[in-house]
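Enquirer: Sharing a structure below in structure tokens format, with a few things to ask.
Readers should treat all values here as calculations from the given coordinates under stated rules, not as data from a laboratory. What you see is a predicted model; the values in this text were computed from it and never measured. As a convention, Cβ positions derive from the backbone with ideal geometry for all residues, glycine included, and neighbour counts pool all protein chains shown.
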Amino acid sequence: MSLTREQIAQRVAQEFRDGYYVNLGIGIPTLAANYIPAGIDVMLQSENGILGMGPFPLDKDVDADLINAGKQTVTLAEGASIFSSADSFAMIRGGHVDLTVLGAFEVDCQGNIASYMIPGKLIKGMGGAMDLVAGADNIIVTMTHASKYGDSKLLSACTLPLTGKGCIKRVLTDLALLDIEDGKFILRERAPGVSVEEIAKLTAGELVIPEHVPEMSV
Amino acid sequence: MAGFNKLVTTYAEALAGLEDDMTLIAGGFGLCGIPENLIKEIKRKGTKGLTVISNNCGTDEYGLGILLKDRQIKKMIASYVGENALFEAQLMNGELEVDLTPQGTLAEKMRAGGAGIPAFYTATGYGTLVGEGKEVREFNGRHYILEEALQGDFSIAKAWKADPHGNLVFRKTARNFNPMAITAGKIAVVEVEELVGEGELDPDQIHLPGIYVNRLIVGEFEKNIEQRTVRSAP
């Protein structure tokens, strides 16, 4: 079975380490905040100017002046700080954020990512994604492995305008966890019940399949 | 004090001198911390042909989005325009020129514009459409592109509290782009929720010194929320 959105988020959260500063993108990455493993403290960065983002507020505590990068109302965690957009991206660009998780339309085995624009169809803008992928060393891209028409999103070369070049080393899909090394996808883990063959069939870029590919624990 | 008193009493006075075809930098992130009333005044004035530099362009109904309806904006420099159907429509049919700029680069372009730095190198956007036509240099084995600073004829911004000198304190994430937007405007106009007396702000706790502020006005704010998200009580 392919992973649900919640299971993808759960697997992402297993990458959290105690003391990490983490930036979670809009969508599935944001859900990972609900699965922080016990005994681990992470500080969530929101690029509109929060370090130490808390959960959604109770109705009575909603504050129009306190939102996250997805424009949702949020709260502050203990130890939080607030700063300007310039300071926020200084910490991102300066490599101070330990882990960045974001979504994408396509990733290729050269580590390129496309996530902000479908020419002629969808122009939303890159927001902070280009800065995040350029500034972070430790990035996990979460996405579905293939489109609803069965077209692979893990390509030998991205077809859409790039968000970043050569910056992605790890991809988590609804079928598999893969690393990108030397121009190849390396299959590290597969979703419970999903076969290596199924993953291979839906991976258009060059795929290396190690002898043992464990199932994820989610 | 007299020479340092930035306070004006009407929105017409606050934006006196803003003319067609000028460049305007606006603070705010989504609808959070936007200079609501200054935007409404620009709509009322009917200033046209504006180049607007701001992270977003509001929604169809509020914020900078209201200036799109009357075609007051000629060009938009922004990082994210996804909330705005009118924006997308005007962009697609070629009525509106748009320069999509990564959010961190946009913040730094404003900061540089206010700090007298004409350009800077950043890895953001290298190898993408954003980097096309821009100078590339390699530092320590990494590629960077040259990005130029931005300045505005006017900047409009919103803060929480001010004293008459224009010393400013922002509140929570309503700070966002506001400090940099203010520094990058030749004439910086700031609207605030509350004016306090001279000497009432702790100098150690001022977020932006009044030297950057030219005009100050006290306003009433609607503070619309784009995505009201709540959790239920346990």
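Enquirer: Given a 10 angstrom Cα cut-off, can you work out which residue in B:Gly17, B:Gly197, B:Gly46 is the most mobile in a GNM of chain B?
Expert: Top of the fluctuation ranking is B:Gly197.
Enquirer: Now for a different question. With runs of 4+ DSSP H residues as the only contributors, calculate the mean residue ellipticity of chain B at 222 nm using -39,500 (n - 2.57) per run, divided by the residue total and rounded to the nearest 500.
Expert: -5000 deg cm²/dmol
Enquirer: Ok, one more. Output needed: percent of Cα pairs per 20 Å distance bin for the protein assembly as shown, bins running from 0 to the one holding the longest distance.
Expert: For the protein assembly as shown, the binned pair fractions read 25, 54, 19, 2 percent.
Enquirer: So if I average 1/r over every pair of distinct C-alpha atoms in chain A and take the inverse, what Kirkwood radius in Å does that give?
Expert: 17.8
Enquirer: Here's something else I'd like to know. First measure r as the distance between the Cβ atoms of B:Lys69 and A:Ser152, then evaluate 1/(1 + (r/R0)^6) with R0 = 60 Å and state the FRET efficiency to the nearest 0.05.
Expert: Working from the Cβ atoms, E equals 0.90.
Enquirer: For B:Lys109, which aspartates and glutamates qualify as cross-link partners when the Cα separation must be under 14 Å and same-chain residues fewer than eight apart are set aside?
Expert: A:Asp87, A:Asp131, B:Asp99, B:Glu147, B:Glu148
Enquirer: Counting only other chains, and only Cβ atoms inside 10 Å, what mean value do you get across the residues of A:69-77?
Expert: Going residue by residue through A:69-77 and averaging, the value is 5.
Enquirer: Taking loop as defined by DSSP and a crowding limit of 10 other beta carbons within 10 Å, which chymotrypsin sites (Phe, Trp or Tyr not before Pro) in the stretch A:115-218 fit?
Expert: Passing sites in the stretch A:115-218 are A:Tyr149.
Enquirer: Once amide H atoms are placed 1.01 Å from N in the peptide plane, what residues at a sequence separation of 5 or more from A:Thr142, or on another chain, have their amide H within under 5 Å of its amide H?
Expert: Under 5 Å from the amide H of A:Thr142 lie the amide H atoms of A:Leu102, A:Gly103, A:Ala104, A:Leu172, each far enough along the sequence or on another chain.
Enquirer: Follow-up. Hey, got the dipole for the protein assembly as shown? About the Cα centre, +1 on K and R Cβ, -1 on D and E Cβ, debye to the nearest 20?
Expert: That gives the protein assembly as shown a dipole magnitude of about 560 debye.
Enquirer: Let me ask another. Would you calculate a helix-derived [θ] at 222 nm for chain A, using -39,500 (n - 2.57) for each DSSP H run of n ≥ 4 and dividing by the full residue count, to the nearest 500?
Expert: -4000 deg cm²/dmol
Enquirer: In the stretch A:1-16, which residues have a backbone nitrogen under 14 Å from the label point lying 7 Å from A:Glu198's Cα in the Cα-to-Cβ direction?
Expert: Under 14 Å, as judged by backbone N against the label point of A:Glu198, lie A:1-4 of the stretch A:1-16.
Enquirer: Do any of A:Lys153/B:Lys69; A:Lys71/B:Lys75; A:Lys71/B:Lys48; A:Lys60/B:Lys45; A:Lys169/B:Lys172 go past 27 Å between their Cα atoms, and which?
Expert: Violating the 27 Å limit, Cα to Cα: A:Lys153/B:Lys69; A:Lys71/B:Lys48; A:Lys60/B:Lys45; A:Lys169/B:Lys172.
Enquirer: Could you give me the ³J(HN,Hα) list for the stretch B:107-114, computed from phi with Karplus coefficients 6.51, -1.76, 1.60 and θ = phi - 60°, whole Hz, x at Gly and Pro?
Expert: So the J values, rounded to whole Hz, are 4, 6, 4, 5, 4, 4, x, x.
Enquirer: I need the P(r) histogram for the stretch B:4-53: all alpha carbon pairs, bin width 5 Å from 0 out to the longest distance, whole percents.
Expert: Binned Cα distances yield the sequence 5, 17, 27, 26, 18, 6, 1.
Enquirer: Same structure, new question: For chain B, set up a Gaussian network in which alpha carbons nearer than 10 Å are linked by springs, and say which option among B:Ile42, B:Ile211, B:Ile187 fluctuates the most.
Expert: B:Ile211
Enquirer: Moving on. Taking each residue in A:132-143, count the Cβ atoms of any other chain within 10 Å of its Cβ, then average. What number comes out?
Expert: Mean partner-chain Cβ count within 10 Å for A:132-143: 2.
Enquirer: Among B:18-27, A:129-138, B:121-130, what's the highest-first ranking by average C-beta atoms within 10 angstrom per residue?
Expert: A:129-138, B:121-130, B:18-27
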